[in-house]
Amino acid sequence: MKDILIELEKIEDKSFYSYSLEIDRINRIIFNNNSKILKTLSSICMLKLNDIRSIELDELTLNNLSKLVKEETLHYTLKSRLADILWLKIKGKEKIDYLKIAIENYMKYPLTITFENEWDRAISLLISTKGNIEQVKKKLLQTFQQTNDIDVIFINFLDKYNKKNLKYDNFLLISICENKLQNFTSYYDKQDFLERYIGLYNNKDEKYIELINYYEKTIEENNLNEIIGYTNIMNCLHKIKNRQKYNVNEQLKKFQNKKIVFQKNMNFQTIGELIDISGYIEETKQLLENKSTMEVFYQLAFFEENIIDILEDIKENDEDELLELLVGNLGVFDKGRKVLEKINKKENYYANYLHLFLYSRIFPSLKILSEHNITQELIFELCQKSSIIPNDRIEIWSKGIYYGFKQDFTISTSLLVPQIEHLLRMNLKNINENTINHKGNDGIEEEIGIDRLLDKNIKKFNQPIYQEFKLILTKPFNLRNDLAHGLINDKYFQTPLTIYFWWLVFKLIILDIKNSEIKL
């Protein structure tokens, strides 16, 4: 066991995905794949936390795991999970020792959304065994007071456990929130924070007015898309109870007019003027209204489009004009070439479809979803269900998807483009397909580029969605190259191209979950 522990201590990346890969490598190289305990450890690392009950272990393996858990140098990621399994599987007085080890080591995880499940497990274990919940209360409150990280998951546990188990003083929590709001220097952070914690306040009307002010400031800082910003402001106004005191009706008219002016300035209505798509927009609303968030997600990902008739109408219009709409009046890139110059007749057709799809399906859907409570925690849980997302990349993917729902496509595009490239590479490696280029006779190796990655994925997996990724990420639109080389300006990130890319990634995740037959 000592020799195994020595090898485990050498692993730098303590994520379970990396643990599993390294443990398999150690077993193969050092133990000729003959170490049963290492095979078991690798399997445990690949389990989701909620699935650890399902693993079957014999007495010898349990005995070896118990020896490993008692080693002081074993990292808390492995120690907490192994101790939890022993608590579930072992009988007798020793059982309680593993419970204590599991809780103690779960509480060593950072209090961020990435490790919400581990903290949730620690709290659940304490509650179910009538343990000392005060130690968790103290750690949660201290972290909440001392950090300005808005991803700290304090609010999640308040929602789950406060009334029955945690029982925090609401006045204390509000005073902490007020101090934190003062400390945030960015209006975007103030807005994001208050959105999460507004439920704590008794006088919500005043806080909605404050939140509206933050939305306005964030729009002025160019950190929030005007459409979603004005929509959020009007949603806040609808929630205010004392409408007369805060002139709600007048304020609604004011921000509705601002939204209309912005839409006209950005040519958001031009498609509607060229071609009547009002029927498609109304159909979208009817499909999504009065549905749960997960039902809307599913419908959003699987809109079955039949707009060939609209595309036929487009042929009678000026294609250059429509393509200019596609890139949102982008004009000239920093590198001095117009987008339109690199799009040929074949891609015109796709570009027109893309633009119409956004305005008839995606934008109406996002407007309806702005009235739902789309949290980063919800998207994180969604990404956890997807088999295509590695455990050590769930936070990156979930943030990319989440900020798309917030209509911050600067963040979503920057995060998701590299993850799709990594996914394409891992798809091939998982089926032992070569992704390496050998240059000359000097032994130099390099990974193949995204063009070939996409070609190989299209050939091997025959999924139409990869064809679309190829059009967007490589020629003609070349999003991956332009992003990697800093050739994108601010306006580009808010164009239909980046929005459609975000939707494709979202669709890929939902498609994978559906194919895995995991219930949303």
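Values as computed for the structure displayed
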item: Two-decimal log10 I(q)/I(0) for the stretch 418-498, as the Debye equation yields it once each C-alpha is a single scatterer, q = 0.19 Å⁻¹; result: -0.88
item: Under 5 Å, built H, 5+ apart or other chain: amide partners of Ser370; result: none
item: Phi to ³J(HN,Hα) by Karplus 6.51 cos²θ - 1.76 cosθ + 1.60 over the stretch 371-383, Hz, x for Gly, Pro; result: 8, 8, 8, 8, 9, 5, 5, 4, 5, 4, 4, 4, 5
item: Point-to-point label distance, Lys514-Ile436, nm (Cα→Cβ direction, 7 Å offset); result: 3.8 nm
item: At 0.692 mPa s and 37 °C, Stokes D of the stretch 382-423 from Kirkwood alpha-carbon radius, µm² per second; result: 322 µm²/s
item: Label-point separation in nm, Glu220 to Glu295, each point 7 Å along Cα→Cβ; result: 4.2 nm
item: Sites Asn32 and Asn202, calculated FRET efficiency, Cβ-Cβ separation with R0 41 Å, nearest 0.05; result: 0.05
item: For the stretch 154-199 and the stretch 64-130, distance of Cα centres in Å; result: 28 Å
item: Whichever lysines have a C-alpha closer than 26 Å to that of Lys258, once near sequence neighbours (fewer than 8 apart) are set aside; result: Lys190, Lys204, Lys207, Lys217, Lys239, Lys241, Lys245, Lys285, Lys367, Lys406, Lys491
item: Positive-end extreme of charge dipole, the stretch 367-520 - chosen from Gln463, Thr413, Leu423 (charges on Cβ); result: Gln463
item: With eigenvalues of the C-alpha gyration tensor scaled by 5 and rooted, the stretch 1-108, Å; result: 21, 15, 13
item: Sites Ile133 and Gln244, calculated FRET efficiency, Cβ-Cβ separation with R0 30 Å, nearest 0.05; result: 0.10
item: Reach of Lys108 by Cα under 17 Å, taken over lysines that are not fewer than 8 positions away in the same chain; result: Lys14, Lys70, Lys79, Lys100, Lys137, Lys138, Lys139
item: Projected area, mean over directions - the stretch 66-110, Cα convex hull, nm²; result: 2.8 nm²
item: Approximate spin-label separation Ser175-Leu5, in nm, with each point projected 7 Å along Cα-to-Cβ; result: 4.7 nm
item: Two-site FRET efficiency, Glu371 against Ile96, from Cβ-Cβ distance with R₀ of 41 Å, rounded to 0.05; result: 0.30
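Any read-out appearing in this document is the output of simple, stated calculations on the displayed coordinates, not a laboratory observation. Keep in mind that this is a model prediction, so the values were computed, not measured. As a convention, Cβ positions derive from the backbone with ideal geometry for all residues, glycine included, and neighbour counts pool all protein chains shown.
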